[in-house]
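The values are calculated or read from the model by the stated rules, or taken from the named source; none is laboratory data. From a predicted model like this one, the values you see are computed outputs, not experimental measurements. Cβ placement follows ideal geometry from the backbone for every residue including glycine, while neighbour counts extend to all protein chains displayed.
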């Protein structure tokens with residue numbers, strides 16, 4: 001059941017469509033300039049990080065999972081994620097995103 005005013009997004013048929021949807025979400029939610037990665041069409045990153053059905057995942061610069069929420073949306077605890085981000089920043093392991101192939105960074109893939 002959709003919430004009133006919630007956007008309706010059809011399943012993207014290709015990577016270009018998936019990137020466009022992610023870009024729209026990032027823009028509408030004012031997430032830019034936060035790095036945003038988009039999984040390939042085989043959902044390789046989702047499988048690698050066990051992100052199904054929905055999870056908040058923080059990956060450090062070495063590609064290790066520093067935080068993974070319980071399944072969402074009921075398992076999302078943004079304050080825990082914020083604490084994990086702070087801890088990773090203090091450790092020096094959270095900086096520029098690691099190359100986690102085959103995800104695509106939205107800000108680099110979006111047309112300007």
Original post:
How many residues are in contact with a helix residue (DSSP H, G or I) (Cβ under 8 Å, 6 or more places away or on another chain), free of Cβ contacts under 8 Å to residues at least 40 places away in the same chain and either surrounded by 11 or more Cβ atoms within 10 Å (Cβ to Cβ) or over 23 Å from residue 18 (Cα atoms) (or both) when one looks only at the range 40-80?
Top reply: 8
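Look at residue 89 and say whether it is surrounded by fewer than 14 Cβ atoms within 10 Å (Cβ to Cβ), modelled with pLDDT under 85, assigned to a helix (DSSP H, G or I) and at negative phi. Steps first, please.
Values: surrounded by fewer than 14 Cβ atoms within 10 Å (Cβ to Cβ): yes; modelled with pLDDT under 85: yes; assigned to a helix (DSSP H, G or I): yes; at negative phi: yes.
The answer is yes for residue 89.
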**OP:** Quick one: in the range 16-35, of everything that is in contact (Cβ under 8 Å) with a residue 40 or more places away in the chain and touching a strand residue (DSSP E or B) at 6+ places or on another chain (Cβ under 7 Å), which residue is surrounded by the most Cβ atoms within 10 Å (Cβ to Cβ)?
**Re:** 22
**OP:** Might you check whether a residue that is at pLDDT 80 or above, within 25 Å of residue 27 (Cβ to Cβ), in contact with a strand residue (DSSP E or B) (Cβ under 6 Å, 6 or more places away or on another chain) and in a loop (DSSP other than H, G, I, E, B) occurs anywhere in the range 39-61?
**Re:** yes
